[in-house]
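Values quoted throughout were computed directly from the atomic coordinates according to the rules given, and no laboratory measurement underlies them. It should be emphasised that the depicted structure is a prediction, and the values quoted were computed from it without experimental measurement. Neighbour counts run over all protein chains shown; Cβ positions are idealised from the backbone, glycine included.
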Amino acid sequence: MAEVARVIVEAPSTSGGRRVRVDGESVGLAYGLGDLVEFLRRAGLEDLDDDALRHGAGLVEWRGGGPDVWAAPA
């Protein structure tokens, strides 16, 4: 059975930022890794930092670009 990512980071919106869901619940709109780290801290995933999010396997599903893509599409 395939493992489902606990954190989904959606593609950047037309106004910028990316919708973030943790365990299926929307937790906010992130404009960078700092925002994402804070959302995850509030959700009880305190041990994650920027580096863990960039290189961590399985926990985060990045849609529409990886951890360096935050701006609205041109």
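Key figures for this structure:
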item	result
Size of electric dipole in the chain: Cβ of Lys, Arg +1 and of Asp, Glu -1, about Cα centre, debye, nearest 20	300 debye
Equivalent-ellipsoid semi-axes of the range 21-69, from the Cα gyration tensor, Å, largest first	15, 13, 11
Tilt relative to the chain, helix 33-42 - C-alpha long axis, 0 to 90 degrees, to 10	40 degrees
Estimated FRET transfer efficiency (E25, L59; beta-carbon r; R0 22 Å; 0.05)	0.90
